[in-house]
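Peer 1: Here it is, the structure in full.
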Amino acid sequence: MRTQPIASKREREKQTVSLMISLYCRKKHATGGKVLCRDCEELRQYAMQRSDKCPFMETKTFCSNCRVHCYRPAMREKIRAVMRFSGPRMLFYHPVMAVHHVIESRREQKKLKKES
């Protein structure tokens, strides 16, 4: 019964990250949006793999809020650059997803403050 919400949460996270990487690649690497460059595709595959193996999916909302960072340092810097660039632009390209992300982030921040 609990696996369905976790599976759906995992898929939503993977979809969000994929869209953010795609937006980043299209704008920064001028790929036209149909195909990712080699580096961005490698980052996307790595992010999908990390999400699939995440043992904390049930309790966390986003990797940035996680106490255990499972990304290699180089990949973590790449995904940070993608998030910094694509995050604000998501409002224009995927507004519903962006609003959902902001709501979930604020909810998680309040929860973390109460736990501290």
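Peer 1: When the stretch 30-46 is examined, which residues are found to be assigned to a loop (DSSP other than H, G, I, E, B) and in contact with a His (Cβ under 9 Å, 6 or more places away or on another chain)?
Peer 2: Hits for the stretch 30-46 are LEU36, CYS37.
Peer 1: Can you find a residue in the stretch 9-17 that is among the polar types (S, T, N, Q), surrounded by fewer than 13 Cβ atoms within 10 Å (Cβ to Cβ) and modelled with pLDDT of 90 or more?
Peer 2: Yes.
Peer 1: Looking at the stretch 94-114, I want the residues that are closer than 21 Å to TYR24 by Cβ and have a partner that is part of a helix (DSSP H, G or I) and polar (S, T, N, Q) with Cβ atoms under 9 Å, at least 6 apart or on another chain. Which pairs are those?
Peer 2: HIS94/THR16; MET97/GLN15; MET97/THR16; HIS100/THR16; HIS101/THR16; SER105/SER64; SER105/ASN65
Peer 1: Here's something else I'd like to know. Suppose we keep only residues that are touching a helix residue (DSSP H, G or I) at 6+ places or on another chain (Cβ under 6 Å) and either loosely packed, with under 15 Cβ neighbours inside 10 Å or part of a helix (DSSP H, G or I) (or both) within the stretch 47-65. Which one would you say is modelled with the lowest pLDDT?
Peer 2: Among them, the one singled out is ASN65.
The values are calculated or read from the model by the stated rules, or taken from the named source; none is laboratory data. As the structure is a computational prediction, the values presented were derived from the model and not from experiment. Positions of Cβ are generated from backbone atoms using ideal geometry, with glycine treated the same way; all protein chains shown enter the neighbour counts.
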